[in-house]
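Scroll down for the structure; my scribbles are underneath it.
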Amino acid sequence: MTFSIRSATPDDAPAIQAIYAHHVLTGTGTFEIDPPDVADITARMTKVATQGWPWLVSVDEDGSVTG
């Protein structure tokens with residue numbers, strides 16, 4: 001399987017939220033206790049973008065967000 005990296009778009013927010021929620025609930029890489037919802041993820045993406053920083057996603061061959 002081939003993966004690529006691209007800039008995230010607001011349409012990616014639900015997939016990003018689902019991936020991040022899993023790690024909030026089961027991992028140790030965040031201090032968050034409750035996963036943010038899609039609106040929170042979208043707001044975070046917007047804040048980062050307006051500061052000139054990239055928000056990147058990994059996508060597989062069919063364009064599905066994998067990370």
Q.
Here is a check on your reading of the model: is residue 5 surrounded by 14 or more Cβ atoms within 10 Å (Cβ to Cβ) and not basic (Lys, Arg)?
A. no
Q. Name the residues in the range 5-21 that are of a type in the set (Val, Ile, Thr) and either out of contact with any Leu (no Cβ under 9 Å at 6 or more places or on another chain) or not in a strand (DSSP E or B) (or both), would you?
A. 9, 16, 19
**Q.** Within the range 3-32, considering residues that are of a type in the set (Val, Ile, Thr) and at pLDDT below 95, the one farthest from residue 47 (Cα to Cα)
**A.** 28
Q: Of all residues in the range 8-42, count the ones that are among the small types (Gly, Ala, Ser), more than 14 Å from residue 56 (Cα to Cα) and surrounded by 13 or more Cβ atoms within 10 Å (Cβ to Cβ).
A: 2
Q: For the range 43-65, enumerate the residues that are open to solvent by less than 90 Å² (accessible area, probe 1.4 Å), farther than 26 Å from residue 1 by Cβ and in a loop (DSSP other than H, G, I, E, B).
A: 52
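The values are calculated or read from the model by the stated rules, or taken from the named source; none is laboratory data. Because the structure is predicted, anything quoted here is derived from the model rather than measured. Neighbour counts are summed over all protein chains in view; Cβ atoms, including those assigned to glycine, are modelled from backbone coordinates with ideal geometry. Ligands, DNA and RNA are excluded from the accessible area calculation, which covers all protein heavy atoms including side chains. Shrake-Rupley method; radii C 1.70, N 1.55, O 1.52, S 1.80 Å.
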